[in-house]
Amino acid sequence: MDIVQVGPGFAAELRGVTLSDVAADDAAYKAVRAVFEEHSVLFFRGQQVTDDIQLAFSRRFGPLEVTKVGAIGTGTNLIILTTIGPDGKVVPPDSRLALRNKANQLWHTDSTFKQIPALSSVLSARIVPAQGGETEFVSTRLAFERLDAAAQKRLENYFVWHDYAHSRGKIAADLASPEERAALPPACWRMVWKNPVNGRSALYLASHAYAIEGMEQAPAQKLLAELMDAATAQGLSYIHRWKDGDVVMWDNRATMHRGRPWPAQEARLMVRSTIQAGEADGLASVRPPARQAAE
């Protein structure tokens, strides 16, 4: 297996290994897992990916999320991200499906709004537009490490509230349905997630973040915006330009990402599986004290 770093201090391409290798072989899994912990974003080119292969690969890293209500794939372990409607045609840009794709163009971290957050997401390209539609990543680990020691210590003791409806409301007031709001109440997590494997910490925030426990809303919003801006400043990102057969996985504990726009008339179809975080991934360290969790 060859490791080719592609981003500014993070992100790597893995060559000489396939998803099926990782699914079937303990040594291949351990090697890829070690690179994942170090580089946070990994991608594989030219994969013969099917739903079953993607699921087998993903399960190596932990239990899989069940897709939420309101998404294509609800009740399964896959979520379908597409602009293709039931009639096989690309949906108009003002359709609900297109607006959901637009919401994914906000800087975000998957599943921060869930009662069990995500360790990793695995995304495979099934139909890619001729231009645009890239996925852009930044390292919130490197963003944390750029802060001075006093700021790091202060942020480690903050707890942030995350809400799916909050991020969707930035696109359209009713984009999160009543069923989604009921199924996905706000969740509270520590602002800094420490990786138990290498001891490195990362900021844990994104577009779903809307409040900081114990802080007035105005200063909380200001701080969240400042941290987001610093983490996503120009020159700090890795932009993945998709090709057929590409698979990308990323560490939701240590990155943020966003989709980039593409021509509205062109189809795009991606399939994502999401691995839940567990105690071995540092989950206990980001859980809030009982009082915050009960609110």
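The values are calculated or read from the model by the stated rules, or taken from the named source; none is laboratory data. Only a predicted model underlies this, so the values are computations on that prediction, with no experimental measurement involved. So basically every Cβ, Gly included, is an ideal-geometry build from the backbone, and we count neighbours across all protein chains shown. Note: areas computed on protein heavy atoms with side chains; ligands, DNA, RNA excluded. Shrake-Rupley method; radii C 1.70, N 1.55, O 1.52, S 1.80 Å.
Given the conditions (1) touching a residue at least 40 places away in the same chain (Cβ under 8 Å); (2) under 17 Å from the mean Cα position of the chain (by Cα), report the number of the one that A130 does not fulfil.
Only one criterion in (1) touching a residue at least 40 places away in the same chain (Cβ under 8 Å); (2) under 17 Å from the mean Cα position of the chain (by Cα) is unmet by A130, namely (2).
Considering each of S201, S207, S273 in turn, give the residue that is within 18 Å of A118 (Cα to Cα), open to solvent by 10 Å² or more (accessible area, probe 1.4 Å), among the polar types (S, T, N, Q) and touching a residue at least 12 places away in the same chain (Cβ under 8 Å).
Details: S207 fails: open to solvent by 10 Å² or more (accessible area, probe 1.4 Å); S273 fails: open to solvent by 10 Å² or more (accessible area, probe 1.4 Å).
Residue meeting the stated conditions: S201.
Could you count how many residues in the range 220-238 are open to solvent by 40 Å² or more (accessible area, probe 1.4 Å) and within 17 Å of V41 (Cα to Cα)?
2
From the residues in the range 138-181 that are aliphatic (A, V, I, L, M), open to solvent by 10 Å² or more (accessible area, probe 1.4 Å) and outside any helix (DSSP H, G or I), which one is nearest to V286 (Cα to Cα)?
L147
Is it true that some residue in the range 98-116 is more than 21 Å from D25 (Cα to Cα) and assigned to a strand (DSSP E or B)? Spell out how you get there, then give the answer.
As a first pass, look at the range 98-116 and keep what is more than 21 Å from D25 (Cα to Cα): 98-116.
Now drop any that are not assigned to a strand (DSSP E or B), which leaves 108.
So far as the range 98-116 goes, yes, one or more of its residues are more than 21 Å from D25 (Cα to Cα) and assigned to a strand (DSSP E or B).
Among the residues that make up the range 211-221, is at least one of them out of contact with any Pro (no Cβ under 7 Å at 6 or more places or on another chain), part of a strand (DSSP E or B) and closer than 24 Å to E279 by Cβ?
No, because not a single residue in the range 211-221 is out of contact with any Pro (no Cβ under 7 Å at 6 or more places or on another chain), part of a strand (DSSP E or B) and closer than 24 Å to E279 by Cβ.
Could you count how many residues in the range 109-126 are open to solvent by 10 Å² or more (accessible area, probe 1.4 Å) and either modelled with pLDDT under 95 or out of contact with any Phe, Trp or Tyr (no Cβ under 9 Å at 6 or more places or on another chain) (or both)?
Here the count works out to 3.
Based on this model, can you work out whether A71 counts as assigned to a helix (DSSP H, G or I) and surrounded by fewer than 17 Cβ atoms within 10 Å (Cβ to Cβ)?
Criteria not met by A71.
Counting just the residues of the range 239-262 that are surrounded by 15 or more Cβ atoms within 10 Å (Cβ to Cβ) and of a type in the set (A, V, I, L, M), which one comes out farthest from T135 (Cα to Cα)?
Checked the range 239-262; the qualifying residue farthest from T135 (Cα to Cα) is A254.
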